[in-house]
Every structure is written in C-alpha cells, then in structure tokens.
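Chemist: This is the structure, below, for whatever I ask next.
The values are calculated or read from the model by the stated rules, or taken from the named source; none is laboratory data. Everything numeric here is computed off the predicted structure, so don't read it as measured data. A quick note on method: Cβ atoms are made from the backbone with ideal geometry, for glycine too, and the neighbour counts reach across all protein chains shown. We work out accessible area using only protein heavy atoms, side chains counted, and drop any ligands, DNA or RNA first. Shrake-Rupley method; radii C 1.70, N 1.55, O 1.52, S 1.80 Å.
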Amino acid sequence: MTRGMTESAKTAVHYPDPNAAMVAGTTRSGATTTAFWGEGGRPTLEHRADVPQYRVTGVTFDDDIRAKAAEVIARYPHTRSAVMPLLHLVQSVEGFVSKDGIAFVAGLLDVQESEVSGVSTFYNMYKREPVGEHIVSVCTNTMCAALGGDAIYQALRSELGVDHEETAGEPGTPGSVTLEHVECLACCDHGPVLTVNYEIFDNQTAQSAVELVQALRRGERPHPTRGAALTDFKHAELELAGFLDDDAAEVDAPSASPQSLRGVQLASDRGWTAPAMPETPPAFPPLPEKK
Amino acid sequence: MADDTTAPQFNVGLDPLTPVLTRSWLSPRSWRRDSYEQLGGYGALRTAITAQPEQLVELMKSSGLRGRGGAGFPTGLKWSFLPPLGAKPRYLVVNGDESEPGTCKDIPLMMADPHLLVEGCIITSYAIRSHYCVIYIRGELIHPIRRVRSAVKEAYAAGYLGKNILGTGYDLDIVVHAGAGAYICGEETALLSSLEGFRGQPRLKPPFPAVEGLYAAPTVVNNVETIASVPSIISGGVDWYRKFGTDKSPGTKIFSLSGHVERPGQYEAPLGTTLRQLIDLAGGMKDGIPIKFWTPGGSSVPLFGDDKLDVPLDYDDVAAAGSLLGTTALQIFNQTASVPWAVARWADFYRHESCGKCAPCREGTAWMSKTLRRIITGRGTLEDIDTLEDTAHNIFGRAFCALGDGAATSVSSAIQRFRQEFVDMVTGVTPAPSTQADLIEMH
C-alpha cells in the first residue's frame with residue numbers, strides 16, 4: 001500500500017503510460033492515460049499520477065555515439081562534468097531525452113539514473129517530448145515583449161496551432177516545428193528576436209516570423225541573421241555537445257550586425273579612438289614582498 | 001547630481017567612444033587567428049609570460065579592473081585570494097552564461113573577437129598558476145560557442161595552448177562548455193555546480209570559489225568581458241588603463257543600449273559616461289518620445305527614472321544614486337511603457353528562473369508574479385501594492401543567492417519610484433495594459 005493512499009483511491013487513480021502518448025502521437029497535454037501497476041499491484045514510485053514520465057524508446061546508441069561520448073568524458077578532470085554535453089549528445093540522436101538516454105548517460109558516468117534525470121529536468125533545453133525538425137524559440141522577456149515579442153509568440157501559436165513546447169507536424173518528419181517562448185536571449189539591442197535551432201533571427205515582426213515558420217513547414221531553411229545556415233535540431237544538439245563540423249562556412253557565417261557595430265562604426269566615422277598604448281609595454285610591478 | 005558643483009575630474013580629453021575591447025570588430029574575419037595576430041593579437045601573451053605570475057596579479061590589482069559580470073569586485077584582488085599552492089590544482093572558469101535581461105555584450109564579443117577572450121584566458125591562467133580553464137557559454141545561442149571553440153582550436157594549432165606554450169614549459173588546456181538554458185548558472189557557485197554535473201543551484205559562501213571552487217579546488221570565476229580586458233592591460237599598462245574612467249572604476253566598458261532609442265547597440269566608452277551622452281550617441285530617443293525609466297545594469301538593479309540621466313555610469317556613482325552598475329545593460333523605456341507591466345514580466349522571469357533551492361525566492365518570486373499579473377490585468381487592489389512590497393521585503397537579504405535580491409529589487413524599486421502608476425492602475429485611473437489572454441502561460 002502506497003503511503004497515504006486508501007484502497008478506494010487506489011482503484012480510482014489512473015497512471016499515465018509513458019508510451020501511450022507516443023503511440024497515439026499526441027502531445028503532453030493531450031496524453032492518454034492508462035492504468036499502470038508495478039510489481040504486486042503497487043504503483044511504482046516513478047509512475048506517480050500527474051508526473052510527466054520519460055518515454056521509453058528502446059533506442060540503441062551506436063559505436064559512433066559511444067566514441068563521441070568517450071571523447072566528451074575525456075574533456076573533464078571528473079567524469080560527472082560530462083553529464084550536460086552527454087545529454088546534448090543524447091538529444092542529437094533522439095531529438096529529446098528518453099528514459100533510455102538517461103540510462104545511457106548514467107551508465108557511462110556510473111551514477112544513478114535519478115541523478116541524471118534530476119539534471120535533465122533542471123535545464124530548459126533538455127526536452128522530454130520529441131522535438132520537431134526545428135525548434136523556434138521566441139524571446140518574451142520584458143524588452144523583446146515590449147518591442148513586439150509577445151505579438152510574435154501569439155502569431156506563431158496561432159499559425160502553428162500549438163502551445164509552448166508543442167510541435168506542429170509529426171516530430172522527426174521534415175517540416176515539423178516545435179514552438180517555445182524563452183527568457184532573455186542576450187540580443188536585446190536586436191529585439192524582438194527569436195532563434196531557430198539556436199541560430200539568431202534579429203528584429204522580427206509577427207509577419208516575418210509567420211513567414212519564417214511557413215518556410216520551415218514547407219521544408220525550406222531561411223538563413224539566420226546571425227549564425228550558420230540552418231540544419232536541424234539534432235544537428236544543433238551535436239554541436240552543443242562539442243562536435244563542431246570542421247566546416248569553415250559554419251564558423252565564418254555572419255555574426256556582425258548594425259547594432260553590434262554601432263559604437264565602433266560611429267567611432268570610426270568620427271575618428272574617435274582610445275588613447276594610444278605605449279610603444280613598449282611598461283615594466284611589471286615588483287614581486288610582492290613575502291609576508 | 002544637479003547640485004554637484006565640482007566638474008568631474010575623469011575622462012578629460014578622451015573621445016566619447018574609446019574602442020578597446022571592440023576595436024577589431026570592424027575588421028574582416030576578426031574572429032580568425034590570422035586577423036587577430038595582424039592586429040597585434042597574442043602580443044600581450046608574449047609579454048605576460050616574461051613576468052612572474054605574481055607580478056601579473058599585482059599589475060591587475062594596480063590597474064583597478066573590476067569584474068564586468070555585475071558585482072564589480074576588483075579582479076586582481078579576487079586572483080590574490082587563492083590560497084598558497086597545495087596538492088589541489090587551480091582552475092579558471094570563465095562565465096559566458098550571459099542571461100541577465102538587457103545584457104548583450106559578451107555574446108557579440110565572443111562572436112567578433114573570440115581570440116581576445118582566449119588570450120585573456122591564457123594570461124589569467126598563467127597568472128593564477130592554473131593548467132585547466134573552462135569557458136562556460138550559455139547554450140541557447142550556438143554561434144558564439146562555435147566561434148570560441150574554433151578560436152580555441154586555432155590557438156592549440158599555433159602553440160598558444162597545450163603543452164609547453166611558446167616554449168615556456170607552461171601547459172594549459174581550455175574546454176568550452178555549453179550550458180542548457182538556466183539563468184541561475186550565471187551565479188558563480190551555481191555555475192560551478194552545473195559544471196560539475198549537478199543541477200545548477202548555488203552553494204553557500206563561504207567557502208568562496210577562491211578557496212573551494214570547481215571540484216572543491218581553488219578557482220577563479222571571471223566574466224567574459226573581464227577576461228577580455230586583461231590583454232590590453234598587459235600591453236597598455238596601468239597608467240594607460242587608468243586614463244579611462246574614475247579612480248575607483250577605471251577602464252572602458254561596453255554599454256549595451258536597448259529599447260526605445262533610435263540606434264540601439266553596443267557602445268564602448270569610458271566608465272563614467274552618462275546615459276544622456278549615450279542616448280545622444282545612439283541618435284536620441286526613438287521618435288522623440290521622452291524617456292520614462294531605465295535600468296543601469298539589467299533587471300536585477302533598482303530602476304532609474306528620467307532624473308538620473310546625468311549620473312556618471314561607474315560603480316560608485318551609480319551606487320550613490322541608488323542603483324547598481326551591474327552589467328551596464330541599459331534598457332531604455334519611453335513614456336509609452338508601463339512600469340507595472342515591465343516589472344510584471346521581469347517577475348515572471350524570476351519566478352521561472354528561481355532554482356527552487358531556498359523558500360524565500362522559490363515562493364516569493366511566484367507570489368510577486370501572481371500579484372503583478374493580477375494588477376496588470378486590472379484585477380488588483382491597493383492592498384496588492386502593499387503585499388508586493390511586503391513580499392519583496394521578505395525576499396531581499398533572505399534568499400540564498402543574488403537572484404532573490406534581484407527579483408525583489410526590481411519590484412520594490414519600481415513601487416518606490418513609480419508608486420502612482422501602480423495606484424492608478426489598481427484604481428482604474430489608467431487602463432490595464434494586459435488582458436488575461438495576453439498573458440503568457442507560466443511553465
């Protein structure tokens with residue numbers, strides 16, 4: 001008997017099947033629920049009512065991913081530091097974090113699965129539900145919202161017919177788009193901004209944003225204002241895990257914008273500079289006296 | 001500052017804008033090593049390694065450089081707090097988790113001039129005798145991560161990183177670590193928890209990171225702009241660096257102007273420059289509509305109104321005027337903007353980003369958000385305003401880290417300085433700026 005639960009309550013409560021939503025292809029908010037009972041007719045701790053569950057996918061992580069994981073772990077003096085890049089790596093395979101992904105990371109780092117899931121749930125960018133080919137993140141923090149970010153988010157909700165962290169189209173298929181609203185993206189001088197797969201689209205309007213997601217839905221990939229040519233969410237996650245395509249085009253993709261350059265451009269136009277440094281660096285101060 | 005009869009004795013003879021950190025941003029492919037070296041890049045490193053590490057710490061102390069991440073703590077002093085070398089290694093952790101609302105200086109810096117950051121990391125690591133450095137960059141923007149990773153790779157290839165750097169026998173590795181979307185990880189101890197593979201929750205101080213930081217070893221945590229300031233201090237020296245700014249706030253600073261100005265953007269000027277001067281450089285207020293309120297350093301510092309345009313923007317003068325310089329994130333709102341609405345959205349932000357570790361912040365930010373949502377949808381009462389002040393008062397100084405203080409400050413300063421706006425809103429004198437349908441659902 002689970003603590004605090006009466007016999008009558010036990011029969012009345014239904015527990016969500018972590019796989020039910022995936023089979024039905026519905027989203028978290030519309031997930032179907034079925035009774036779930038563990039060993040001996042007791043609900044397992046993991047299946048408390050109303051707690052979203054990690055999906056079980058039965059995915060296998062191949063040798064290439066295992067080799068990449070080993071490379072990630074080798075970057076750090078202590079293996080546990082690899083948990084965040086490894087979760088990004090898991091998302092590069094599955095497009096979200098599954099129960100299998102949690103177990104994979106826990107196994108590699110020799111920690112409890114609960115330790116890994118605890119980290120995964122803490123951070124916004126680790127998703128429990130499959131993400132579309134693209135993820136569109138709209139800044140709705142104060143400055144962007146004041147400049148039009150709220151209108152952009154509402155326009156995209158209505159255009160895509162989805163809410164926060166929901167996907168238009170079937171995740172994993174071309175043209176599927178997950179929408180989310182996010183906090184400040186550190187592009188305030190370019191507001192309102194949004195990102196697609198974490199590449200920046202500056203100075204958006206509701207109309208430009210709607211046109212952008214319509215293009216994404218058609219399978220097109222408009223170029224970001226600042227950042228590399230769009231790929232997809234999984235590829236972006238691979239880069240976040242630390243696997244840079246050794247592709248000069250990506251590194252050299254545009255980053256400059258009128259806003260970022262305004263100060264230096266104005267200074268250049270007016271001939272303003274910092275005072276010249278001395279021709280040779282001045283001598284260093286003497287070593288401090290030992291106390 | 002109107003009654004201040006003595007003319008300021010700083011920034012005399014300087015141009016209004018003084019690009020130092022941003023000086024290469026107009027150069028083609030400024031992010032590549034060859035471009036950086038053509039402009040004298042890695043020269044400061046060659047100079048620095050001729051000195052003893054302790055001399056560099058002394059130099060940094062005399063330069064007066066203060067941390068650019070928000071707190072303004074003297075950088076050289078921070079470096080000098082490391083305990084004597086013992087069995088444990090020392091670490092340098094660079095905070096590139098730029099997420100404070102309004103703050104947008106480190107991201108363009110990392111994109112335009114990542115080698116400046118890398119050179120600063122090498123010099124700083126050498127100065128504090130560290131052989132392992134992590135640059136922690138927020139995950140929501142890939143391009144700066146990509147550029148910094150590429151710069152690190154180029155630096156390895158050129159012998160600036162790795163074993164026996166430039167033949168000195170000094171070894172250093174740099175790892176670039178991508179975050180995963182959590183504002184709290186900008187707090188230095190939360191960042192360290194995150195980097196160790198835990199939930200990004202802050203730790204009790206003391207022990208400070210200098211004593212027990214990453215993996216409980218002595219650690220220096222510095223902001224990106226702070227570290228990027230190091231090479232020019234090495235090359236230019238203390239006297240040159242102190243030509244900028246005030247005695248207690250020397251140097252140049254990237255001021256980030258956003259909002260209702262004609263030309264928002266990044267403007268590098270000496271500390272002590274005023275908002276009036278910066279707005280003028282930015283082409284004035286957008287469409288000529290006068291300013292109503294602004295933040296000198298992000299949403300976590302007290303708001304200023306239009307009476308503070310002539311406050312010199314340096315650490316001490318802003319503090320004396322009743323706010324904090326923070327990250328010099330100058331968010332500028334004109335007369336069309338509603339103070340309660342802006343503060344309500346910030347309250348939503350703090351509620352979302354509170355890590356949940358301590359009750360005052362976890363519960364308090366949620367209550368402030370709920371109360372403000374009531375007010376801006378026209379369902380507030382006069383009592384709500386008092387409740388808000390009371391809630392803010394109960395968070396401030398009682399939360400585990402500065403997130404709670406920031407959340408409380410934005411609300412309490414807004415009510416203190418713009419109380420009538422709140423009163424007018426709850427009494428129906430001014431219409432509610434939002435409807436229930438406008439509100440973004442909290443997640």
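Chemist: Mind counting the residues in region A:118-131 that are more than 10 Å from chain B (Cβ to nearest Cβ) and either more than 19 Å from B:Tyr183 (Cα to Cα) or open to solvent by 40 Å² or more (accessible area, probe 1.4 Å) (or both)?
Modeler: The qualifying residues number 4.
Matching residues to (1) open to solvent by 30 Å² or more (accessible area, probe 1.4 Å); (2) more than 23 Å from the chain's Cα centre (by Cα):
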residue	(1), (2)
B:Ser24	no, no
B:Glu37	yes, yes
B:Pro53	no, yes
B:Arg68	no, no
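Chemist: Here is a follow-up. Of the numbered conditions (1) crowded, with 20+ Cβ neighbours inside 10 Å; (2) facing chain A (nearest Cβ under 7 Å); (3) more than 18 Å from the chain's Cα centre (by Cα), B:Pro209 satisfies every one except a single condition; which is it?
Modeler: So the condition that B:Pro209 fails would be (2).
Chemist: Filter the helices (runs of 4 or more DSSP H) completely within region B:44-139 down to those with at least 3 residues that are farther than 27 Å from B:Ala182 by Cβ.
Modeler: Answer list for region B:44-139: B:53-63, B:75-80, B:114-127.
Chemist: For residues that are of a type outside the set (Asp, Glu), touching a residue at least 12 places away in the same chain (Cβ under 8 Å) and facing chain B (nearest Cβ under 8 Å), tally how many sit in region A:155-189.
Modeler: The qualifying residues number 7.
Chemist: Within 12 Å of chain B (Cβ to nearest Cβ), within 19 Å of A:His88 (Cα to Cα) and either part of a strand (DSSP E or B) or modelled with pLDDT under 95 (or both): does that describe A:Thr195?
Modeler: In short, yes.
Chemist: Hey, among the residues in region A:198-211 that are buried (at least 22 other Cβ atoms within 10 Å of the Cβ) and in contact (Cβ under 8 Å) with a residue 40 or more places away in the chain, which one's nearest to the other protein chains (Cβ to nearest Cβ)?
Modeler: Going through the qualifying residues, I end up with A:Tyr198.
Chemist: Restricting attention to region B:299-307, does a residue exist that is more than 18 Å from the chain's Cα centre (by Cα), acidic (Asp, Glu) and in a loop (DSSP other than H, G, I, E, B)?
Modeler: no
Chemist: Can we say B:Ala408 is open to solvent by less than 40 Å² (accessible area, probe 1.4 Å), within 26 Å of the chain's Cα centre (by Cα), within 13 Å of chain A (Cβ to nearest Cβ) and at pLDDT 95 or above?
Modeler: So B:Ala408 does not fit the description; no.
Chemist: Mind checking whether some residue in region A:245-265 is over 22 Å from A:His190 (Cα atoms) and of a type in the set (S, T, N, Q)?
Modeler: No, that holds for no residue.
Chemist: Please tell me if B:Ala329 is over 30 Å from B:Ala366 (Cβ atoms), under 18 Å from the mean Cα position of the chain (by Cα) and surrounded by 24 or more Cβ atoms within 10 Å (Cβ to Cβ).
Modeler: no
Chemist: For region A:257-266, indicate whether the set of residues that are open to solvent by less than 50 Å² (accessible area, probe 1.4 Å), among the small types (Gly, Ala, Ser) and assigned to a loop (DSSP other than H, G, I, E, B) is non-empty.
Modeler: There is at least one residue in region A:257-266 that is open to solvent by less than 50 Å² (accessible area, probe 1.4 Å), among the small types (Gly, Ala, Ser) and assigned to a loop (DSSP other than H, G, I, E, B).
Chemist: With respect to B:Thr365, is the statement that it is within 14 Å of chain A (Cβ to nearest Cβ) and at negative phi true?
Modeler: Judged against the criteria, B:Thr365 is a match.
Chemist: Ok, one more. Does B:Arg203 satisfy the criteria of being basic (Lys, Arg) and either buried (at least 24 other Cβ atoms within 10 Å of the Cβ) or farther than 17 Å from B:Tyr91 by Cβ (or both)?
Modeler: Here the answer is no, as B:Arg203 does not meet what is asked.
Chemist: Mind listing whichever residues of region B:18-39 are in a loop (DSSP other than H, G, I, E, B), more than 9 Å from chain A (Cβ to nearest Cβ) and either among the small types (Gly, Ala, Ser) or in contact (Cβ under 8 Å) with a residue 60 or more places away in the chain (or both)?
Modeler: Listed by number, the residues that qualify are B:Leu21, B:Ser27.
Chemist: For region B:270-298, enumerate the residues that are free of Cβ contacts under 8 Å to residues at least 60 places away in the same chain, of a type outside the set (A, V, I, L, M, F, W, C) and in a strand (DSSP E or B).
Modeler: B:Lys292
Chemist: When the residues of region B:73-109 are narrowed to those that are charged (D, E, K, R) and at the interface with another protein chain (Cβ under 8 Å from one of its Cβ atoms), which ends up most open to solvent (accessible area, probe 1.4 Å)?
Modeler: Residue satisfying both the conditions and the ranking: B:Glu100.
Chemist: Can you tell me how many residues within region A:117-164 are assigned to a loop (DSSP other than H, G, I, E, B) and closer than 25 Å to B:Thr103 by Cβ?
Modeler: Number satisfying all stated conditions: 7.
Chemist: While we're looking at this one, here's another question. May I ask you to list the residues in region B:240-269 that are in a helix (DSSP H, G or I) and more than 7 Å from every other protein chain (Cβ to nearest Cβ)?
Modeler: The one that is in a helix (DSSP H, G or I) and more than 7 Å from every other protein chain (Cβ to nearest Cβ): B:Tyr241.
Chemist: Which ones in region B:349-382 are buried (at least 19 other Cβ atoms within 10 Å of the Cβ) and either among the acidic types (Asp, Glu) or modelled with pLDDT under 95 (or both)?
Modeler: Within region B:349-382, just B:Glu353 meets the criteria.
Chemist: Still on this model: For region B:238-268, name all the residues that are open to solvent by 10 Å² or more (accessible area, probe 1.4 Å) and hydroxyl-bearing (Ser, Thr, Tyr).
Modeler: Once the filter is applied, which keeps residues that are open to solvent by 10 Å² or more (accessible area, probe 1.4 Å) and hydroxyl-bearing (Ser, Thr, Tyr), region B:238-268 yields only B:Thr246.
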